[in-house]
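Asker: Okay, here's the structure, questions in a sec.
The values are calculated or read from the model by the stated rules, or taken from the named source; none is laboratory data. These numbers were taken from a predicted model, which means no experiment stands behind them. Neighbour counts run over all protein chains shown; Cβ positions are idealised from the backbone, glycine included.
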Amino acid sequence: MAYLTLKNVNKIYPNGFHAVHDFNMEAEKGEFIVFVGPSGCGKSTTLRMIAGLEDISKGEFLIDGEVANTWSPRDREVAMVFQSYALYPNMSVYDNLAFGLSLQGVDEDVIDERVQKTARLLGLTDYLDRMPRALSGGQRQRVAVGRSIIRKVGIFLMDEPLSNLDAKQRVTMRSEITQIHRETGATTIYVTHDQTEAMTMADRIVIMKDGYVQQVGTPKEVYFNPCNMFVAGFIGEPPMNFVRRRVENGCIRIGGDVLDVAWKLGDRAAEYEGREIVLGFRPEAVEMNGSDGAYTLCGNVELTEMLGDSANVYVDMDGEKVILKVTPHEMPRMDEDVRFHIPKGSIYLFDAVTETVI
Ligand code: ATP
């Protein structure tokens with residue numbers, strides 16, 4: 001049985017705004033689940049319903065098989081880290097970590113043992129006597145994480161905990177949080193709008209848009225088998241290229257090139273004949289040097305971006321703009337006419353109306 005279950009969970013705010021629609025998900029004990037999606041898609045609302053900070057308007061939330069809709073946050077045994085980590089400014093790191101346990105009347109010796117252990121886990125041992133103002137942003141965020149994990153909880157909820165940190169600190173904290181998760185084994189739900197954080201940290205990702213779950217899957221599943229254009233475009237950097245064309249005789253035409261799509265449409269080829277479809281391919285899937293069975297396309301290089309380990313190449317194909325991600329030594333010159341290939345296995349087709357994968 002799953003540890004956490006959300007069954008058709010909805011949130012309708014008192015002003016009538018329907019923020020979350022029929023959210024369904026199961027999380028196994030110890031799983032690391034990431035909710036990802038653009039601003040306003042309902043990630044925090046769902047997290048707050050799990051925490052017990054927000055009522056569930058419709059649907060069921062179960063913990064270990066028991067309906068927990070009306071349980072208090074305390075009974076749910078959750079710990080939460082927010083974007084803004086308000087530490088107590090007049091207390092040392094040690095006291096910030098110890099405070100919650102002191103309130104619960106936990107024994108001094110036990111508190112000390114847990115503070116020391118948490119500090120070791122988070123690399124804060126040398127900072128226990130410091131006041132928060134004498135810490136860097138990353139160190140402060142670590143204290144905030146420490147304050148949550150020092151209580152032994154089954155469910156760990158994090159709402160954009162890294163968004164106040166700079167890019168370098170974010171990368172460090174990302175791996176630290178993954179490490180802490182491995183050591184504590186708490187079922188974790190982590191909210192972010194950053195697809196890189198989602199891909200690198202999650203066991204499974206829940207991708208949301210406009211209050212609806214679009215897809216739930218492992219990072220590999222959502223990258224290689226996106227269910228629709230939104231997921232395909234949201235996961236991956238630079239995003240997947242989309243080219244909209246009408247199917248004629250089982251083919252689409254891009255510039256001077258004719259691509260056979262009938263094999264990919266399979267049984268549905270007749271259904272799509274004469275209709276528009278969207279061809280999708282990832283920038284990193286292209287090959288500048290041809291190979292058997294690859295689709296070939298031509299275009300003119302408008303812009304190149306050298307990134308060191310790779311290069312982004314912006315290509316204009318008769319008015320259709322696409323991005324290619326190539327190795328630095330494959331990088332063409334500006335204004336050069338290029339031919340590039342897409343391996344057949346890297347081709348995606350989407351219904352132009354429903355935007356779902358074909
Ligand atoms: P962000 O990444 O910007 O934090 P999010 O995906 O977490 O976004 P939510 O904070 O869950 O989004 O908000 C979802 C939607 O619900 C938004 O359109 C928001 O304006 C709306 N909303 C949030 N709180 C309330 C409220 N108390 N009353 C009415 N609408 C609300």
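Asker: Which condition from (1) out of contact with any Ser or Thr (no Cβ under 8 Å at 6 or more places or on another chain); (2) at pLDDT below 95 is the one that SER57 breaks?
Answerer: (2)
Asker: Quick one: in the range 170-212, which of the residues that are of a type in the set (Asp, Glu) and more than 12 Å from the ligand (Cβ to nearest atom) is farthest from ALA232 (Cα to Cα)?
Answerer: Top of the filtered list is GLU183.
Asker: Is it true that THR46 is among the β-branched types (Val, Ile, Thr) and out of contact with any Phe, Trp or Tyr (no Cβ under 9 Å at 6 or more places or on another chain)?
Answerer: The answer is no for THR46.
Asker: May I pose another question? Could you check MET131 against (1) modelled with pLDDT of 90 or more; (2) touching a helix residue (DSSP H, G or I) at 6+ places or on another chain (Cβ under 6 Å); (3) aliphatic (A, V, I, L, M) and say which number it fails?
Answerer: MET131 satisfies every listed condition except (2).
Asker: Moving to a separate point now. Charged (D, E, K, R) and more than 26 Å from GLY233 (Cα to Cα), is that true of LYS11?
Answerer: Judged against the criteria, LYS11 is a match.
Asker: Only residues that are under 16 Å from PHE156 (Cβ atoms) and near the ligand (Cβ under 9 Å from one of its atoms): list them for the range 1-42, please.
Answerer: Correct list: PHE35 only.
Asker: Shifting gears a bit: Mind listing whichever residues of the range 151-195 are charged (D, E, K, R) and part of a strand (DSSP E or B)?
Answerer: ASP159
Asker: Take the range 216-248 and flag every residue that is among the small types (Gly, Ala, Ser) and farther than 15 Å from THR356 by Cα.
Answerer: GLY217, GLY236
Asker: Here's another thing I want to ask about it. Considering LEU53, LEU87, which residue is within 16 Å of the ligand (Cβ to nearest atom) and not charged (D, E, K, R)?
Answerer: LEU53
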